[in-house]
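Chemist: Pasting in a structure now, in structure tokens, and then I'll have a few things to ask.
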Amino acid sequence: MTVLESKWHLTRETVGNDRLSVIMPVYNLASTIKENLADTARLFDSHGVNCELVPVDDGSSDGTKNAIVEFAAGFSSRSVTLKPVFLDRNGGKGSALKAGFAASTGKFVLLLDGDLDINPKQTPLFFAQMASDGSDIVVGSKRHPRSVVQYPWHRRLVSAVYFSLVKASIGLPITDTQTGMKLFRREVLGEALARMLVKSYAFDLELLSIAFQRGAKISEAPVVIRFGNKFGALKPSTVKSMALDSLAVFYRLQILKYYAKAEATGDVPPGFSVSVVVACPGDSAMLRQCIAGVMAQTRKNVEMIILPDGPESGIPQDGVVRVVPTGKVRPAEKRNIGIREAKGDAVAFIDDDAYPDGRWLENALRYFSDPGVGAVGGPGATPPGDPFLARAGGRVYSNILVSGNYRYRYVAGGVRRDVDDFPSCNLIVRKSLLEKIGGYRTDFWPGEDTLLCKDIVDSGMRIVYDPWSVVYHHRRALFAPHLRQLGRYAFHRGYFVKRFPSNSLHLSYFVPSLFVAYIVALAAFLPFPLPAWMRLAAAAPAMLYFALALLTSFSTSPAMWIATFAGVVATHATYGVRFVQGLFAKSAPCEFIGKDRAR
């Protein structure tokens, strides 16, 4: 028996009657994916290794999905099963791996890049290393002394610099994090994935950092890599994203100690069902997009309740979608009707001008394995296909100067956290809890979701924000529609500060009003004959503000940069004025049912 054959024997013995799950993230590999899958399946079949092959198409746009479907139709093997996974949108390597892991069942999990830059023939070396070191993870390393790497010089340079920074800041006991072949014990990978936040560029770094901090033993194995001429120049945007993601991992790992404290989500309770409730005035193209997004969810135990003003014969109804006309009432009243109609264990609220990511419900519902969690919310990101001024409005909301600590509501990413207030465009609540607290209050609009969250927290239940439970929320266009909507929110927030302070009395809500008061005082102060130094000192905060607004609004498109900058300033001014109006108002518009108009 040769050395390599003995290592294949060890691999078979280690996997035994269980199985090895080979997860292969793929993106735009239509021309090669069938051959790559065939070669991989043939390899494990020929060595008698019980294996499940899990190719994950990460929203490819070149026919990769069709190629995988064609391959699966004619696939047959003694030792290998095929479990393709298809994602509707490109979400990055992290999303693809999470989806593949959820579909897999093996005791051991091999991560293998779908382009097969690293040949899976090297698999037994990884199992041998795992057995020799008693490790939980084995990572292929380009810097291993026995590795053979044909690698472009500029990639070597970037890799060396990146490794040096990672070694100094993170302290992982390995020399390479980015090579596309890694072997895990299932329980270790599951624990790390349950705490993952990065979806793309620093995914490997975060995954290994979490596992290492939580006590996993990591080893390295040699690899043979021949890239040929596939790699061109690195894009500056890629380098920037990689650097920012890596800094975020360092911050969460070493400063926040987030991964050590982050709870792992459990499995969705058996038989747990969900009712998706959509309040709307009537049929629309955006509503159809929302329906399509819910129908494409990976979580299938779902019903959808559409709540238009009147009968809508054009909306398709079947065993999943129901239309319940409500009359011309406000969103809170519509949603309460939806709660009464809902048959699910949880009620997921989403706006008719929003549509969900394909794994929205799957990611969110896992938190309900904890009986102390009453609700889950996630980001409402601006769709990339929105018109120019709508995208500008989305950039204003996601600007750090505008949303501050609440920026996570508008940008996918960030860390999990408990919150006390969250908008109903992406909020999932236990039905039993909704029934206990009486659903939404109907004497306010907007602001009814703030009061619902107050009632949830007051009941002793948690509201969890999950950065992976994403919906895409179409924005109001700059400037008038955006500012009208914002003004309503600001007025009610000001009113709620004195009426319902528990989740509204926060200093950050006062900042725009203080800024407006400063600008008014500055305008009154400057006409007086004063020394130049005094004028400069008085104007310095304003100059700093405008410089920061300009910097944080940056876009490579000059038009978008200018629009965002102007939107940030206008947003602060509008919010500041309307907040004060609400703060001193004796009652809020829409406080009483007779004083409101439905959307």
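Chemist: Sort out which residues of the range 423-449 are touching a helix residue (DSSP H, G or I) at 6+ places or on another chain (Cβ under 6 Å) and closer than 30 Å to Ser553 by Cα, and write them in order of number.
Modeler: If the condition is that a residue be touching a helix residue (DSSP H, G or I) at 6+ places or on another chain (Cβ under 6 Å) and closer than 30 Å to Ser553 by Cα, then Pro423, Ser424, Pro446, Gly447 are the ones that fit.
Chemist: OK, next. I need the full set of residues from the range 339-355 which are of a type outside the set (Ser, Thr, Tyr) and either in contact with a Cys (Cβ under 8 Å, 6 or more places away or on another chain) or over 12 Å from Val274 (Cβ atoms) (or both), in order please.
Modeler: Correct list: Ile339, Arg340, Glu341, Phe349, Ile350, Asp351, Asp352, Asp353, Ala354.
Chemist: What is the one condition in (1) over 30 Å from Leu507 (Cα atoms); (2) at pLDDT 95 or above; (3) not aromatic (Phe, Trp, Tyr) that Pro316 does not satisfy?
Modeler: Among (1) over 30 Å from Leu507 (Cα atoms); (2) at pLDDT 95 or above; (3) not aromatic (Phe, Trp, Tyr), the lone unmet condition for Pro316 is (2).
Chemist: Right, next: Here are Val511, Val464, Val497, Val470: which of them is in contact with a Lys or Arg (Cβ under 8 Å, 6 or more places away or on another chain) and of a type in the set (A, V, I, L, M, F, W, C)? Steps first, please.
Modeler: Numbers: Val511 fails: in contact with a Lys or Arg (Cβ under 8 Å, 6 or more places away or on another chain); Val497 fails: in contact with a Lys or Arg (Cβ under 8 Å, 6 or more places away or on another chain); Val470 fails: in contact with a Lys or Arg (Cβ under 8 Å, 6 or more places away or on another chain).
Going through Val511, Val464, Val497, Val470 in turn, just one is in contact with a Lys or Arg (Cβ under 8 Å, 6 or more places away or on another chain) and of a type in the set (A, V, I, L, M, F, W, C): Val464.
Chemist: Between Val402, Val320, which is buried (at least 17 other Cβ atoms within 10 Å of the Cβ) and outside the structural domain of Leu550 (by TED's automatic domain parsing)?
Modeler: Val402
Chemist: Go through (1) surrounded by fewer than 22 Cβ atoms within 10 Å (Cβ to Cβ); (2) charged (D, E, K, R); (3) in contact (Cβ under 8 Å) with a residue 60 or more places away in the chain one by one and return the number of the condition Glu448 breaks.
Modeler: Of (1) surrounded by fewer than 22 Cβ atoms within 10 Å (Cβ to Cβ); (2) charged (D, E, K, R); (3) in contact (Cβ under 8 Å) with a residue 60 or more places away in the chain, only one is false for Glu448: (1).
Chemist: A further question follows. Being closer than 15 Å to Thr450 by Cβ and within 17 Å of the chain's Cα centre (by Cα) narrows it down to one of Val419, Val429, so name that one.
Modeler: From the options Val419, Val429, the qualifying one is Val419.
Chemist: Identify, by number, the condition in (1) hydroxyl-bearing (Ser, Thr, Tyr); (2) crowded, with 22+ Cβ neighbours inside 10 Å; (3) within 18 Å of Trp8 (Cα to Cα) that Thr64 doesn't meet.
Modeler: Exception for Thr64: condition (3).
Chemist: Quick one: Ile350 ticks every box in (1) modelled with pLDDT of 90 or more; (2) farther than 20 Å from Val376 by Cα except a single one, so which number is it?
Modeler: Evaluating Ile350 over (1) modelled with pLDDT of 90 or more; (2) farther than 20 Å from Val376 by Cα leaves (2) as the failure.
Chemist: Against the condition in a helix (DSSP H, G or I), under 21 Å from Leu478 (Cα atoms) and modelled with pLDDT of 95 or more, how does Arg391 come out, does it pass?
Modeler: yes
Chemist: Any residue that is of a type in the set (Asp, Glu) and within 30 Å of Ala547 (Cβ to Cβ) - is there at least one of those in the range 375-386?
Modeler: Yes: the range 375-386 contains one or more residues that are of a type in the set (Asp, Glu) and within 30 Å of Ala547 (Cβ to Cβ).
Chemist: Scan the range 173-191 and report the pairs whose first residue is outside the structural domain of Arg19 (by TED's automatic domain parsing) and whose second residue is assigned to a strand (DSSP E or B) and at pLDDT 95 or above, with Cβ atoms within less than 9 Å and a gap of 6+ or a chain change.
Modeler: none
Chemist: Under 8 Å between Cβ atoms, at least 6 apart or on separate chains: pull out the pairs that start in the range 411-434 with a residue that is under 21 Å from Pro501 (Cα atoms) and end on any residue that is among the acidic types (Asp, Glu) and modelled with pLDDT under 95.
Modeler: Cβ pairs passing all conditions: Asp421/Asp449; Phe422/Asp449; Pro423/Asp449; Ser424/Glu448; Ser424/Asp449.
Chemist: Test of understanding: among Ala566, Ala537, which residue is without any contact (Cβ under 8 Å) to a residue 60 or more places away in the chain, small (Gly, Ala, Ser) and either assigned by TED's automatic domain parsing to the domain that holds Trp445 or over 30 Å from Asp455 (Cα atoms) (or both)?
Modeler: Selected residue: Ala537, the only one of Ala566, Ala537 that is without any contact (Cβ under 8 Å) to a residue 60 or more places away in the chain, small (Gly, Ala, Ser) and either assigned by TED's automatic domain parsing to the domain that holds Trp445 or over 30 Å from Asp455 (Cα atoms) (or both).
Every residue, every condition in (1) over 17 Å from Tyr489 (Cα atoms); (2) part of a helix (DSSP H, G or I); (3) at pLDDT 95 or above, yes or no:
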residue: Leu548; (1), (2), (3): yes, yes, yes
residue: Leu551; (1), (2), (3): yes, yes, yes
residue: Ala570; (1), (2), (3): no, yes, yes
residue: Pro589; (1), (2), (3): no, no, no
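Conditions (1) over 26 Å from Leu247 (Cα atoms); (2) small (Gly, Ala, Ser); (3) in contact with a strand residue (DSSP E or B) (Cβ under 6 Å, 6 or more places away or on another chain), marked per residue:
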{"site": "Ser398", "(1), (2), (3)": "no, yes, no"}
{"site": "Arg409", "(1), (2), (3)": "no, no, no"}
{"site": "Val419", "(1), (2), (3)": "no, no, yes"}
{"site": "Arg430", "(1), (2), (3)": "yes, no, yes"}
{"site": "Tyr440", "(1), (2), (3)": "yes, no, no"}
{"site": "Val464", "(1), (2), (3)": "no, no, yes"}
{"site": "Phe496", "(1), (2), (3)": "yes, no, no"}
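Chemist: Does Ala490 satisfy being of a type outside the set (Ser, Thr, Tyr), buried (at least 22 other Cβ atoms within 10 Å of the Cβ) and not in a loop (DSSP other than H, G, I, E, B)?
Modeler: On the way: of a type outside the set (Ser, Thr, Tyr): yes; buried (at least 22 other Cβ atoms within 10 Å of the Cβ): yes; not in a loop (DSSP other than H, G, I, E, B): yes.
Answer is yes for this residue.
Chemist: Filter the range 28-51 down to the residues that are surrounded by fewer than 20 Cβ atoms within 10 Å (Cβ to Cβ) and either under 18 Å from Leu87 (Cα atoms) or under 31 Å from the mean Cα position of the chain (by Cα) (or both) and list them by number. Give the steps one after another, and end with the answer.
Modeler: Narrowing the range 28-51 to residues surrounded by fewer than 20 Cβ atoms within 10 Å (Cβ to Cβ): 28, 30-32, 34-35, 38-39, 42-43, 45-48, 50.
Selection gives Asn28, Ala30, Ser31, Thr32, Lys34.
Chemist: Tally the residues that are loosely packed, with under 13 Cβ neighbours inside 10 Å and part of a loop (DSSP other than H, G, I, E, B), restricting the search to the range 271-286.
Modeler: Residues that pass the stated criteria total 1.
Chemist: Any idea which residue in the range 290-317 is surrounded by the most Cβ atoms within 10 Å (Cβ to Cβ), counting only those that are more than 24 Å from Gly271 (Cα to Cα) and either of a type in the set (Phe, Trp, Tyr) or in contact (Cβ under 8 Å) with a residue 40 or more places away in the chain (or both)? Explain how you work it out, then say what you get.
Modeler: Of the range 290-317, the ones more than 24 Å from Gly271 (Cα to Cα) are 290, 307-316.
This time we only want the ones that are either of a type in the set (Phe, Trp, Tyr) or in contact (Cβ under 8 Å) with a residue 40 or more places away in the chain (or both), so: 290, 309.
Numbers: Cys290: 26, Asp309: 17.
Checking each candidate, the answer is Cys290.
Chemist: How about the range 403-441: which of its residues are modelled with pLDDT under 95 and part of a helix (DSSP H, G or I)?
Modeler: Ser403, Gly404, Asn405, Tyr406, Arg407, Tyr408, Arg409
Chemist: Considering only the range 180-230, how many residues are part of a loop (DSSP other than H, G, I, E, B), closer than 26 Å to Thr265 by Cβ and at pLDDT 85 or above?
Modeler: Kept after step one, since they are part of a loop (DSSP other than H, G, I, E, B), are these residues of the range 180-230: 180, 194-202, 214-217, 223, 227-230.
Now drop any that are not closer than 26 Å to Thr265 by Cβ, which leaves 194-202, 214-217.
Narrowing the set further to residues that are at pLDDT 85 or above leaves 214-217.
The number of residues fulfilling the criteria is 4.
Chemist: Select, from Val294, Val268, the only residue that is in contact with a Lys or Arg (Cβ under 9 Å, 6 or more places away or on another chain) and either part of a loop (DSSP other than H, G, I, E, B) or outside the structural domain of Arg195 (by TED's automatic domain parsing) (or both).
Modeler: Val268
Chemist: Only one of these conditions is not met by Thr105: (1) closer than 18 Å to Glu35 by Cβ; (2) surrounded by fewer than 17 Cβ atoms within 10 Å (Cβ to Cβ). Which number is it?
Modeler: Just one mismatch for Thr105, condition (1).
Chemist: Now for a different question. Given the conditions (1) without any contact (Cβ under 8 Å) to a residue 60 or more places away in the chain; (2) under 23 Å from Glu435 (Cα atoms), and given that Gly385 satisfies all but one, which numbered condition is not satisfied?
Modeler: (2)
Chemist: Mind checking which residues of the range 546-573 are under 26 Å from Val497 (Cα atoms) and in contact with a His (Cβ under 9 Å, 6 or more places away or on another chain)?
Modeler: Listed by number, the residues that qualify are Gly567, Ala570, Thr571.
The values are calculated or read from the model by the stated rules, or taken from the named source; none is laboratory data. Computed from a predicted structure; not experimentally measured. In this analysis, Cβ positions are derived from the backbone assuming ideal geometry, glycine residues included, and neighbour counts consider all displayed protein chains.
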